[in-house]
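Q: Pasting a structure here, questions to come.
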Amino acid sequence: MNERMTIHQLIDERIRTLDITPKVLAAHMNVTEASVSRWRRGIAEPKPQLWPELFAVLQITPEEVLPPASGRFIPSALIHPVSLPDEKNLKSGHPSRTAPTEQAMVDVYESRLQDMRTALERADKQNERMADRVDRLESRVDELMKTVADLQAEKLDLLQKITDLTHENITLKTELAHPLTPQRASGES
């Protein structure tokens, strides 16, 4: 089974393979040596905003560390070899990032911004369709409410008719139960 290496395993392996000292990497990444040490040991993970530069320095592709469904975005355009100064030539302070890397980041972020604008336009169109559907459903609900009101009025009319017929029925039953007694003829005793 081919398992992916974790970020800290990849960082540690590439630092050894590329013969980069933690001091040089830390200076280039503008972090402390302790941070690099924690990354190597798996105690901490580099911040996502550092990944593009770190992956470029260590020649790590996003596919090596991130499963396709991870949802994390590392622009492939940023993954290119970066040359680091030797520890001997390392000046005090931190070296600045190279212009190509900055331009690549700008290009990637502009591309992502355009993707977000496109997604926003799609979402706006979907919102319009949903608003139209809501309007149609509200109209249908209004029609149904009117129908319900009409049916309730008809129900009340029918109940009144049933009540009237029940009273009439009771009256008729009472009359049938007590028939009028015939009058006696005057000559009978």
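Q: Mind giving me the nanometre distance, one decimal, between the label points for MET130 and ASP157, set 7 Å out from Cα along Cα→Cβ?
A: 4.3
Q: Related question: Determine the sum of side-chain charges near ALA153: Lys and Arg each +1, Asp and Glu each -1, restricted to other residues whose C-beta is under 15 angstrom from that of ALA153. Don't skip to the end; give the middle numbers.
A: Numbers: positive: LYS146, LYS155, LYS161; negative: ASP150, GLU154, ASP157.
Overall, the nearby charge balance is 0.
Q: Continuing with the same structure: Using the 10 angstrom Cβ neighbour count as an exposure proxy, how do MET5, MET116 rank, fewest first?
A: Details: MET5 14, MET116 10.
Taking fewest neighbouring Cβ atoms as first place, the list is MET116, MET5.
Read the figures in this text as sums done on the coordinates, not as results from a lab. Keep in mind that what you see is a predicted model, and the values were worked out from it rather than measured. A quick note on method: Cβ atoms are made from the backbone with ideal geometry, for glycine too, and the neighbour counts reach across all protein chains shown.
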